[in-house]
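Notes follow once the structure below has been shown.
Values in this text are rule-based calculations from the coordinates and carry no lab data. In this text, all values refer to a predicted model and were calculated from it rather than measured experimentally. Cβ placement follows ideal geometry from the backbone for every residue including glycine, while neighbour counts extend to all protein chains displayed.
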Amino acid sequence: MKRHALVIGATGATGSALVEQLIADDKYDHIHVLQYRITNFDGRPKVISHVVKLEDILNFRQIGIDDVFCCIGTTIKKAGSKDQFAHVDRDLVIKLGKWAKIDDVISFHVISAQGASEDSPFFYNRVKGEMERALTDLNLHSLYIYHPPLLKAKRKEFRLGERIGIALMDLLGFLMIGSLKKFKALAVEKLASKMIFYAEKPEQGLHIISAEELNA
C-alpha cells in the first residue's frame, strides 16, 4: 500500500528537504502540503497543496493520512515575543497533534530540541518540553520526537550565531565521536531522511530520537 504524508512547515529548511525526498520516494503516493499560503511545491508531482492556518487545523479534514511531519519552528527574535514563540512552537504543534489523534494518523513526527524539558530554567527548552509532554499525553499511535544537534542548511535569513557554530563543528568534526556525537552539526537533508526512515516502519508508542542516533 502506498503511503500518504502530510507536511507542515514545508517552506523551512528541513521541511523543504523533506518534501523533496518524499516526492522521490516510491513508497509515498500523495504528499499533502499544509501551509498558510501557496508554496513552491504547488503543482509538483504527488503534491497536494492546502492553504490552511494552523489555528484552524481542527476544522481541516483529509482522510487517509498515514504520516504527519511537523517541521514548523521559529525563534523568539523572529516571532517578536516569547508569547508568540510559544504559540508557534508549542500551541500550534499541540493543535496539530490533536488533529492527528482525531483523524487516527499512524505516525506523528516533530522536530524538538536537545535539552527539551518542561522543568528547564531556559525558556526555549521549557517550551519545547511542554510541547513534548502535551503530545505524549495525547497517546498518539506512534510519536517520534527528534532532538537534532545544530542543523546545517541554506537559509534565506542570515543567522550569525548559527554560521559560527557550524563552522566550528565542521572544523572540529573529526573529534565528534562517542558521546560527543550529539554536538556534531547535522545536514537538514539527513534529518529529513531519518524522519522518513522511521515513518516507513513506525513502531507504536513514544520514541525520542537523539542527536547521536541522527548522526549515526
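Observations
- Additional length obtainable on full extension of the chain from residue 114 to residue 83, 0.36 nm per residue less Cα span: 9.1 nm
- The angle between the Cα long axis of helix 123-137 and the longest principal axis of the Cα atoms of the chain comes to about 40 degrees, rounded to the nearest 10.
- Here the label points at residue 56 and residue 212, each 7 Å from Cα along the C-beta direction, are separated by 4.6 nm in the simple model.
- Fully extended contour minus Cα-Cα distance, from residue 38 to residue 102, at 0.36 nm per residue: 20.5 nm
- Cα-centred dipole magnitude for the chain, charges only on beta-carbon of K, R (+1) and D, E (-1), debye, nearest 20: 640 debye
- Angle between the chain longest axis and helix 160-171 axis [Cα atoms, degrees, rounded to 10]: 70 degrees
- Tail beyond 18 Å, pair distance distribution of segment 10-133 (Cα, percent): 55 percent
- The value obtained for the chain, namely the Cα convex hull volume divided by the number of residues, is 127 Å³ per residue.
- Relative to the dominant Cα principal axis of the chain, helix 92-102 is inclined by about 40°.
- Cα centroid separation, segment 111-139 to segment 1-59 (Å): 25 Å
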